[in-house]
Each structure stands twice: as structure tokens, then as C-alpha cells.
Amino acid sequence: MSNFLNAALDFMGFLDTDGEDGLEIETTTRRNNEKVVSLPSKTSQPTIVHITPNAFDDVKDIAKRLQNKTIITINLASVDLALSKRIFDFVSGVVYALDGEIMKLADNVYLFAGQGVTLQERDSFTGRA
């Protein structure tokens, strides 16, 4: 690689090949293939979406949103008990796979969050976590 660079610089007239001034550029190649990962800005606000599923097919949309780091609240009051359990079990598995957390907000209302979100429950009387 350094030979190619030296030849190119010599062709453009930037390198003296006669060795009169002793100028020669030394280049090094990067041997490790490190990947650069961009980090999200700290000013981005989390998105919270409320979903009231009507059928089991709605879990596909919920799973995709959780993969995209969206916080989801789900109201399961409008579906029967068997379907409610299936939806809750599936979404709980998605959250587990994403290393997330689950919080019960009310009867049949749950909050699901993916990795990087910490959920804390506050005591209503003392205001402490």
C-alpha cells in the first residue's frame, strides 16, 4: 500500500524519488477491522405507544415496535381470557428475548419495554422508588 501511495505522490510531483531531500512518506495499514457504531443522541425522547389488541395477529406489530425500542402499553380488557393470556405470554417472551422489563399498571393493562429502559414502581404514599 505504501508503494502505491509513493508512486501516486511521485506521479503528481509531490515526492522526490532522487532522494535529494530524503523525503519519503511511510504509511501503515490498519490491521484490525474495528466497526464504528453510531450512538443515538442523548436528547432523543423515548416513544410510548398504547395498543388495545383485538386479535392474536396484533402481536406482530407489538413485537416489531419493541424491537425498534418503542415502549408499549397494552390493554387486554377487550379480549377474552384465553386470548389475553396468549398475547401476554407472547409479548412477555419478546421482552425476555430483548432483555427488557414488564410492569403491571392496572388490571389487564401492562407496560412492556425493551433493553435500556429501567422501570421503577413508586410508593404512592411516600413517593419513593
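The values are calculated or read from the model by the stated rules, or taken from the named source; none is laboratory data. Here the structure is a predicted model, which is why all the values come from computation and not from measurement. Don't worry about glycine lacking a Cβ; one is built from the backbone with ideal geometry, like all the others, and counts go over all protein chains shown.
Quick one: would you say Phe88 is over 16 Å from the mean Cα position of the chain (by Cα) and modelled with pLDDT of 95 or more?
The answer is yes for Phe88.
State all residues of the stretch 42-72 that are farther than 18 Å from Ile102 by Cβ and among the polar types (S, T, N, Q); if no residue qualifies, say none.
Selection gives Thr43, Ser44, Gln45, Asn54.
Against the definition (aromatic (Phe, Trp, Tyr) and modelled with pLDDT of 90 or more), how does Phe56 come out, yes or no?
In short, yes.
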